[in-house]
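Trainee: The structure's right below; bear with me while I get my questions together.
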Amino acid sequence: MGDISNLQGLSHGGTKMFEKMVEELKIKILEALERYLKSHEKIPPRMLKLMNRSEVKQELKISDNTLSKWERLGLRRYQPPDEDSRIVFYLVDDIHKFMGVEECE
């Protein structure tokens, strides 16, 4: 309560200084919020609804071992028919179903 009584006893010039500090603080908070929101903008929708192995691991924050285990437990993987191709893809809907998500977008 001591802080509040100190604020009440401020002279006119002190009050103006305090109001200016509050306004500057508001601006800094809004700028920080804007930076946060920009850094967490919505991810654009996928055109093919496919993710490669690295994208799945990164987005779900899982290890290679976990993804391999999920494959053994039934998560379907897709590979191009090219014999030299090693890239593996997963359908986003398959991942949702595997994880028990009711509705897929």
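Each value in this text was obtained by applying a stated rule to the coordinates, not by laboratory testing. Owing to the predicted nature of the structure, the values given are computational and were not obtained by experimental measurement. Cβ placement follows ideal geometry from the backbone for every residue including glycine, while neighbour counts extend to all protein chains displayed.
Trainee: Given the pairs K69/K97; K57/K97; K28/K61; K26/K57, which span a C-alpha to C-alpha distance of over 27 angstrom in this model?
Mentor: Result: K28/K61; K26/K57 exceed 27 Å.
Trainee: Using the count of nearby Cβ atoms within 10 Å as a rough guide to exposure, how do H40, H96 rank from fewest to most?
Mentor: On the way: H40 8, H96 14.
Listed from fewest to most nearby Cβ atoms, that is H40, H96.
Trainee: Multiply the residue separation of E19 and I87 by 0.36 nm, subtract the distance between their alpha-carbon atoms, and state the gained length in nm to one decimal. Working shown, then result.
Mentor: Working: separation 68, 0.36 × 68 = 24.48 nm, distance 5.96 nm.
Between E19 and I87, full extension yields 18.5 nm more.
Trainee: Okay, moving on. Could you calculate the FRET efficiency of Q58 with L30 from 1/(1 + (r/R0)^6), where r is the beta carbon distance between them and R0 is 35 Å, rounded to 0.05?
Mentor: Rounded to the nearest 0.05, the efficiency is 0.70.
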